[in-house]
Amino acid sequence: MNKGVKRKDHIVLGIAVLFLIFILFLSYFTPIGVLFKASNPDNGIYGYSLNAFVRSETLNIKGLYNPVKIIIDKNGVYHIYASNLHDLFLAFGFIQAENRLFQLDLIRRASIGNLSPILGSSYQSSDLFQLKIGNLITAEKDWNETLILAKTNKMANQTVMMLEAYSQGVNDYISYAEAHNELPFEFVLLNYKPQPWTPIDTFLGQQYMAESLEFGDDALILSLMYYKMGNLTNKVIQPFSPIPQVYYAGYNGNPNETITKEIENIWPINSSIAQMAYQLYNEWDPPFINPHGHSNEFVVSGNKTSTTYPILVGGPVLGFSLPFIWFEAQIESPGFDAFGVFLPGLPIPVIGFNQYIAWTLTDVQSISWGTYFFIQTVNNTDYYFNKTWYPIEHYYVNGVELNWTNWGPIMIEKGNIALVMDWLANNYSNDPGVLLSISQAHNWTEFYDALQNWHAPYQNFAYADINKNIGDVSAGTYPVFSMYNNSLPYSPDAIMPGNGEEFIRGYIPYQKIPQVFNPSDGIIVSSNQRQVGPSYPYWYGNTMSFSPGTRAWVVYNYLLYHNNISIQDMMNLQWNETDLAAVWSMPTIIKALENSSNPYAKTALSYLKSWNYIMSPDSKAATIWFYIYSEAYFNVFYKLFNETGFWPEFENIRPGPAGGSWPNTFGLASLDEDLIHILSTGNGTPIYNGSIDSLIVNSTISAMKLLENYYPNGNYTWANFYGFYWPSLTGASALSVGPLSGLGGDYFTINDQSGGGGGPLPTSPGPGGQSWTFIANLKNLSNSYGVYPGGQSENPASNYYDNYIPIWIKGEYLPLIFASNPNNISQSNIIATIILNPSG
Amino acid sequence: MRDFFRYLIVFVITLILGYIILFSGIWVLTVIAGFIPSIIFSKKYLKALISSFSGGIISSLLFLFNYIALGGPIFKIAYFAGAVAGLPGSLFLIISILLTGIYCIIGSIIGTYIRKII
């Protein structure tokens with residue numbers, strides 16, 4: 001050894017080597033390693049910063065046949081011009097992934113039940129639930145069925161082409177992002193990489209949206225109510241709404257007697273089944289599913305508009321998040337053009353327009369959300385149906401065994417009794433293919449024919465075209481139930497016997513499902529209210545799932561009594577804040593308060609007497625009304641639940657006033673309709689047998705005391721209780737927006753924040769609202785308007801992360817730039833141009 | 001004076017090598033950036049340590065500056081990533097800069113030691 005080396009040198013070297021080992025140990029074997037990995041200057045979080053700004057560039061990507069031109073307009077909207085459909089969908093996949101890759105991955109994971117590996121054990125129960133309901137099983141079946149059909153069926157053939165091209169585009173971006181270290185930082189922080197996208201993932205997205213829109217456990221609740229309340233249940237959960245309704249598809253006559261009896265014919269369950277139903281109710285745990293059921297669509301024909309052409313308005317209410325659920329784009333290739341909003345994983349607009357037609361969607365919310373429950377006899381290997389034993393189908397997903405009978409997945413099993421779910425979304429439905437066909441439609445016939453293939457989720461498709469036609473179809477496959485012995489079927493709104501005595505005989509013929517074309521009054525309004533009246537000759541569900549119909553009534557009456565309606569009028573109508581429940585209830589409330597000498601009642605009366613029923617942010621009367629209504633709700637129904645023994649046995653089942661606007665409650669439209677009926681008529685029998693005047697006064701006193709408690713200075717304007725909130729999908733508050741006030745409204749108004757456990761408590765705003773405010777001008781579709789409250793990019797450092805929110809929160813719109821030729825977009829409207837060239 | 005130039009060279013070579021090696025994405029390899037100049041020029045640990053550490057952190061700074069030059073808002077990204085991770089965003093930046101320096105120090109100590117024994 002060199003004599004210049006001393007003991008000190010060995011020590012220094014030893015320390016250095018040990019320190020290196022220590023750092024490597026931290027990097028690879030401890031949680032701190034993620035921090036080191038994220039801090040890597042090259043492939044840590046910083047590369048994602050280059051994704052944050054929009055830039056003109058030329059890229060070479062795999063799979064393209066020809067170059068594709070993409071223009072980004074000044075609002076951040078993408079306009080994609082390709083020479084063929086394959087390249088169009090491939091380019092769209094690339095662009096959507098560039099803006100939403102983490103969201104894409106998160107939604108497919110949520111759908112399949114695979115969140116806990118990345119987000120932790122707190123997601124294990126929701127993962128198991130997602131596995132149980134069968135999203136992955138159905139998505140795989142859907143894709144395989146589409147592949148088979150593609151050999152003979154044009155729609156299926158186009159679907160295969162579209163989804164394979166789209167998947168290639170997404171995967172091209174994943175490759176690009178990995179090569180350039182531009183993966184969203186969530187992947188780095190969660191220490192995993194995205195798997196390649198496949199068409200099955202698009203069908204998983206379809207399942208997830210079906211789950212968001214048409215999926216529910218109402219039938220369990222109804223059975224449990226009947227178990228405790230008996231026939232009183234049918235007075236609380238009424239077959240048809242007790243308050244005025246707009247049935248867009250008609251059937252306004254007297255109730256069909258047979259159907260009414262079927263709705264009221266609830267199958268009695270025993271205590272063992274009741275416990276199973278309650279257990280499943282408590283396990284009902286879909287992740288990231290926000291409140292639903294408050295959407296609006298209305299169309300008015302040209303003979304009522306100032307343009308002499310139809311105007312179509314869309315306002316689908318969905319849960320808010322950042323990144324937002326929608327992505328906005330125009331996709332264009334020879335013979336094909338469409339503009340609209342796209343869901344994650346879907347390369348075709350769900351709502352939008354082409355050169356000929358415009359369309360928008362709302363949720364149908366009929367027939368128990370398309371979710372039926374049966375009690376079936378099973379053993380370890382077989383299930384019993386129609387006097388025969390059949391083998392149970394076993395699936396193994398992520399290490400979990402899933403068992404299906406002929407109805408669907410076994411959700412709960414005790415001994416030889418199984419509670420089985422038949423969810424319509426588990427049947428085959430090629431929604432991407434239908435949406436593609438709609439986008440290609442030139443007229444009502446093509447639009448209508450395409451929708452015949454839409455099976456789930458049930459959606460109202462409003463329509464208008466440049467030839468001045470308007471229409472609506474509540475598309476979906478609606479089952480018709482029968483009994484083996486030809487007796488009256490048990491209500492499918494509740495749990496049914498599943499051993500074969502009750503079965504699905506067939507489906508309502510497509511020509512008979514709710515629909516209308518060019519109605520004589522020139523008005524179509526479909527805002528989640530029941531689409532058909534009581535004389536409809538098919539079972540179509542009770543009042544549990546449909547919205548109370550106040551929003552539809554406000555819109556319909558405006559359109560009915562106005563002519564020369566302009567685009568601006570439609571915009572104003574979309575943000576109308578009139579609470580019709582208040583309009584109907586207030587005479588009874590004021591009369592009751594006038595007879596009271598209580599000082600709280602007198603204070604409330606002084607505000608309410610001069611109120612215009614508008615839920616405006618600066619109104620104190622609006623707050624007072626909402627609290628009186630809520631207190632009355634608690635006083636009526638919570639009293640009823642306790643008296644009948646429904647509580648405490650099933651105390652986790654807590655409906656809440658105004659569509660579940662209160663924290664830890666959910667919406668049950670039947671109860672809101674009952675209460676509005678009670679308050680508007682002054683008659684509570686048989687639900688509430690006490691004095692209605694006393695109910696109102698007592699509710700007012702407790703409401704005013706609560707408000708006094710919240711705001712001793714008396715500043716309880718509605719803005720303190722009603723606001724909007726955009727939670728980040730990451731859960732980080734720094735990436736969330738809100739609460740923001742500025743818009744008014746409530747559950748009964750057109751602009752509904754969608755309640756669902758948010759307000760009306762101070763600082764607890766709702767996480768939803770009209771997710772895409774859309775006005776299609778059929779005189780000149782290039783002069784249409786729309787905005788969604790979010791931003792195109794999921795990158796929080798991007799200027800396009802939440803840039804639409806300030807516009808939306810003011811009730812304003814953006815003009816939609818729609819140009820069949822990219823040269824027709826003026827330079828002043830362009831912020832960047834991307835050219836995608838075929839590589840190799 | 002000769003020492004000053006000696007360690008200036010160590011600093012410059014560490015900086016250049018560190019900058020280049022960072023492109024590999026294998027962060028630990030920046031040990032080499034400290035090692036090579038030290039094995040050639042370094043005789044004293046403290047001076048080697050200071051010059052290689054300086055070279056390392058400046059190579060990281062230059063590397064991060066690339067993103068800024070290209071328009072990448074790295075401070076915002078660090079802030080938001082920190083918010084998601086429940087940490088101050090500046091922690092990412094501090095680690096990004098310091099760890100390169102530390103790797104270079106380790107390389108430089110090993111380099112100096114080997115120079116001493118050969």
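Give the shape of segment A:224-296 as rounded, prolate or oblate, defined through the alpha-carbon gyration tensor: a ≥ b ≥ c are the square roots of its eigenvalues, a/c under 1.5 means rounded, and otherwise the shape is prolate if a/b is larger than b/c and oblate if not. Write out the running numbers ahead of the final one.
Numbers: a/c = 2.88, a/b = 1.26, b/c = 2.29.
Judged from the Cα gyration tensor, segment A:224-296 comes out oblate (a/c at least 1.5, b/c at or above a/b).
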message: More than 24 angstrom separation, counting every C-alpha pair in segment B:2-117; what % is that?
response: 29 percent
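Just rank A:His455, A:His394, fewest to most, by other beta-carbon atoms within 10 angstrom. Write down the numbers at each step before the final one.
On the way: A:His455 21, A:His394 10.
Least crowded to most crowded, the residues run A:His394, A:His455.
For segment A:285-414, compute the orientation-averaged projected area of the C-alpha convex hull (one quarter of its surface), in nm². Kindly include the intermediate steps, with their values, before the conclusion.
Numbers: hull surface 56.2 nm².
If I average the Cα hull's projected area over directions, I get 14.0 nm².
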task: Work out the length of the dipole vector of the protein assembly as shown about its Cα centre, built from +1 on the beta-carbon of each Lys and Arg and -1 on the beta-carbon of each Asp and Glu, and round it to the nearest 20 debye.
output: 3820 debye
- prompt: When you look at the Cβ of every residue in A:797-807, what mean number of other chain Cβ atoms sits within 10 Å?
  reply: 1
- request: Mind running the shape call on segment A:536-690? Use the C-alpha gyration tensor, a ≥ b ≥ c as the square roots of the eigenvalues: rounded below 1.5 for a/c, prolate if a/b tops b/c, oblate otherwise.
  value: oblate
- request: Please list the non-local residues whose amide H lies under 5 Å from the amide H of A:Gly769, H modeled 1.01 Å from N, same-chain partners needing a gap of 5 or more.
  value: A:Leu318, A:Phe320
statement: A correct Karplus calculation of ³J(HN,Hα) over segment A:315-323, with 6.51 cos²θ - 1.76 cosθ + 1.60, θ = phi - 60°, whole Hz and x for Gly and Pro, returns x, x, 8, 9, x, 8, 7, 10, x
field: Residue mean of other protein chain beta carbons inside 10 Å, A:9-17
entry: 5
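Relative to the Cα centre, what is the charge dipole magnitude of segment B:3-118, using +1 at the beta carbon of each Lys and Arg, -1 at the beta carbon of each Asp and Glu, and rounding to the nearest 20 debye?
On the way: 7 positive and 1 negative charges, 71 e Å.
So the dipole magnitude of segment B:3-118 works out to roughly 340 debye.
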- prompt: Projected onto the charge dipole of segment B:2-117 (+1 at Lys/Arg Cβ, -1 at Asp/Glu Cβ, origin at the Cα centre), which of B:Gly34, B:Ile77, B:Leu8 gives the Cα projection farthest towards the positive end?
  reply: B:Leu8
message: Using amide H atoms built in the peptide plane, which far-off residues or other-chain residues are under 5 Å from A:Ser736 H to H?
response: A:Ser728
- prompt: In this model, which of A:Lys602/A:Lys705; A:Lys235/A:Lys261; A:Lys154/A:Lys512; A:Lys8/B:Lys44; A:Lys37/A:Lys193; A:Lys6/B:Lys116 are farther than 19 Å apart at the alpha-carbon?
  reply: A:Lys154/A:Lys512
- prompt: Which order results if A:Ser49, A:Ser610 are arranged by neighbouring Cβ count within 10 Å, fewest first?
  reply: A:Ser610, A:Ser49
- request: Among A:Ser828, A:Gly682, A:Ser474, pick out the residue whose Cα is farthest towards the positive end of the charge dipole of chain A, where Lys and Arg carry +1 and Asp and Glu carry -1 on C-beta, about the Cα centre.
  value: A:Ser828
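With the contact rule set at Cα under 8 Å and sequence spacing of 6 or more, what percent relative contact order holds for segment B:2-117? Could you put the intermediate results ahead of the total?
On the way: 201 pairs, mean separation 45.7, N = 116.
Across segment B:2-117, relative contact order equals 39 percent.
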- request: For segment A:76-85, take each phi angle, set θ = phi - 60°, evaluate the Karplus expression 6.51 cos²θ - 1.76 cosθ + 1.60, and give the result in whole Hz per residue in order, putting x for glycine and proline.
  value: x, 7, 8, 10, 10, 10, 10, 8, 7, 5
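Please give the average number of partner chain Cβ atoms lying within 10 Å of the Cβ of each residue in B:17-26, rounded to a whole number.
2
Please tell me the relative contact order of chain A in percent, rounded to the nearest whole number, where contacts are Cα pairs under 8 Å and at least six residues apart.
Values: 1837 pairs, mean separation 156.3, N = 840.
Result for chain A is 19 percent.
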- line: What helix-only [θ] at 222 nm does chain A give? Using -39500 (n - 2.57) per DSSP H run of at least 4, over all residues, to the nearest 500, the answer is -11000 deg cm²/dmol
message: With an 8 Å Cα cut-off and a minimum separation of 6 or more residues, compute the relative contact order for segment A:313-415 in percent.
response: 12 percent
- request: List every residue whose amide H lies under 5 Å from the amide H of A:Leu814, counting only residues 5 or more places away in sequence or on a different chain, with H placed 1.01 Å from N in the peptide plane.
  value: A:Gly786, A:Val787
task: Can you give me the P(r) profile for the protein assembly as shown? Cα pairs, bins 20 angstrom wide beginning at 0, each as a whole percent.
output: 13, 40, 31, 12, 3, 0
Sequence of A:Ile348, A:Ile375 once ranked by neighbouring C-beta atoms within 10 Å, starting from the fewest: A:Ile375, A:Ile348
- request: Decide, for segment A:112-226, between rounded, prolate and oblate: order the square roots of the alpha carbon gyration tensor eigenvalues as a ≥ b ≥ c, take rounded if a/c falls under 1.5, and otherwise choose prolate if a/b is larger than b/c, else oblate.
  value: oblate
query: When the Karplus curve 6.51 cos²θ - 1.76 cosθ + 1.60 is applied with θ = phi - 60°, which whole-Hz ³J(HN,Hα) does each residue of segment A:806-812 get, with x for Gly and Pro?
result: x, 6, 5, 5, 8, x, 9
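Quick note: the coordinates plus some simple rules give every number you see, no bench work behind them. As the structure is a prediction and not an experimental result, all values here were calculated from the model. Neighbour counts run over all protein chains shown; Cβ positions are idealised from the backbone, glycine included.
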